[in-house]
Amino acid sequence: MSNPHLATPSGKPRARSFGIPFDGKPGPNNAITDVPGVTVGYTTLISGDGPLVVGKGPVRTGVTAILPRPRADIAKPVFAGMFSANGNGELTGSHLIEEIGAFNLPVTITNTHSCGVARDGTLRWVQRILPGAMDDAWGLPVAGETYDGFLNDINGHHVTSEHVAAAMDGATSGPIEEGSVGGGTGMITCGFKAGSGTASRVVEWQSERYTLGVFVQSNFGKRWNFMVRGVRAGLELTEPAIREGTPRAEKSSIIAIVATDAPLMPHQLKRLARRVPLGVAMTGGYGYHSSGDIFLAFSTANAEAAAGASGRLARAQYVPDIDIDRFFDATVQATEEAILNALTANEDMTGCNGNFVPALPKEWLRRTFSA
């Protein structure tokens, strides 16, 4: 089996395979799934070519599911915090997270016009796998979105509840695919083909070793701002360029999910979410007007306290705020690498009306970083 730090399970190259240097120590799979209990699943929809026919295609989309706890425990809350760096986007359930600092059920990410389907499909799936769990309860699932209408028939509404369920049913731990998979299938970053990416960091505190992982659906930025580890790549890489069969409106976003097994309180998780934009900026993301830059962080620790049984005091442990900087480091580092993984584990893609998005040139990466 290939080294999961260098390649995805299908053999797509990850950023480290080009000699790109990164800060921090990654987990065994360098993925959000390094956090114990966290799993990721995809449904990828690719079909058709040629002129856009709404309702028929071409289709370049999908849905990603992130399960914060094992299936049997998926209804149990996790402490959480979220941050909107630029709110031209959607993350359902965010008002509840702001209010109580927690959420439950899987997180889904898809295209902008399928966000509601992903949310509702999550409730249908929970009813199926945990019969009776919703009988006297209500659910506000977390669903995020970014826009893929340059490549995908976004108004054709091709993502269904069955596709959402399939992503959740297929969620796994260990190494996961990246690039044009799941909700990231039709996404673009800085004029290059992007989509789904992940990375992780090991954080040592006192005698404990914790893991922090980041997953991104990367769909932001302008070519001239693009950077790789401080190299102003966008100024040099003016070609290959996007080719437009139809004019391309500027619609871009990034959703990032931060997971950790470190015991952190909701206000601390919100602080982690606020550091995600620093990792985005290290790749050239400036939070432009049309960009929905929305970030969620959760902790799998303190399960009993997060559940908050009625009639008794809840007790939770947490890392003191004065020691949180190393978790900020990990968040910024893993965010930057996750975005670059979404770009390197990718290929050229042609979608609606011949619209073409090139992959980040691999030879340029080798020449720049492997010499």
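Its Cα gyration tensor gives the range 144-204 an equivalent ellipsoid. The semi-axes, each the square root of 5 times an eigenvalue, are 24, 18, 9 Å from largest down. Hey, which lysines would be in cross-link range of K362, C-alpha to C-alpha under 20 Å, not counting anything within fewer than 8 residues on its own chain? Straight-distance partners of K362: K12, K193, K222. Put a plus charge on the Cβ of each Lys and Arg, a minus charge on the Cβ of each Asp and Glu, and nothing anywhere else: the dipole of the range 211-318 about its Cα centre is then about 240 debye.
Distance between the pseudo-spin-label points of L96 and E204 (7 Å out from Cα toward the beta carbon): 3.9 nm. Distance from the alpha carbon centroid of the range 99-130 to that of the range 33-93 works out to 9 angstrom. Mean projection of the Cα convex hull over all viewing directions, computed for the range 105-185: 5.7 nm².
The fraction of Cα-Cα pairs per 10 angstrom bin, counted from 0 for the range 190-279, comes to 13, 36, 28, 16, 6, 1 percent, rounded to whole percents. Over the range 65-144, all Cα pairs binned in 5 Å intervals from 0 give whole-percent P(r) values of 3, 15, 26, 26, 19, 7, 2, 1, listed from short to long. When the helices of the chain are scored as -39500 (n - 2.57) per DSSP H run of n ≥ 4 and the total is divided over every residue, the value at 222 nm lands at -7000 deg cm²/dmol.
Here r is the Cβ-Cβ distance between K56 and R312 and R0 is 51 Å; the resulting FRET efficiency, rounded to 0.05, is 0.35. I need the Debye-formula profile for the chain: one equal scatterer per C-alpha, no solvent, reported as log10 I(q)/I(0) at q = 0.10 1/Å, two decimals. Here the Debye-derived log intensity ratios amount to -0.56.
Please list, ordered by chain and number, the residues whose modelled amide H lies under 5 Å from the amide H of K193; skip anything fewer than 5 residues away on the same chain. HN-HN under 5 Å from K193: A359, L360. Taking a Cβ cut-off of under 11 Å around I294, the surrounding Lys, Arg, Asp and Glu residues balance to a net charge of -3, with basic ones at +1 and acidic ones at -1. Label 7 Å along Cα→Cβ of Y288; the range 164-199 residues with amide nitrogen under 19 Å? The answer is 186-195, whose backbone nitrogens lie closer than 19 Å to the label point. For the range 262-321, the normalised intensity computed at q = 0.17 Å⁻¹ comes to -0.68 (log10 of I(q)/I(0), Debye sum over alpha carbons, equal scatterers, no solvent).
If you find the alpha carbon centre of the range 294-371 and of the range 217-255, how far apart are they in angstrom? Here the two parts' Cα centres lie 19 Å apart.
Length, then width, then depth: along the principal axes, the Cα atoms of the range 248-364 run 61, 29, 26 Å. Please list, in order, the residues from the range 329-353 whose amide nitrogen is less than 13 Å from a point placed 7 Å along the Cα→Cβ vector of K362. Only 344-348 fall inside the zone, counting backbone N under 13 Å.
No lab work stands behind these numbers, since they all come straight from the coordinates. Predicted model, so just to flag it, every value in this text is computed and none were measured. For neighbour counting, all protein chains shown are included, and Cβ atoms are generated from backbone atoms with ideal geometry for every residue, glycine included.
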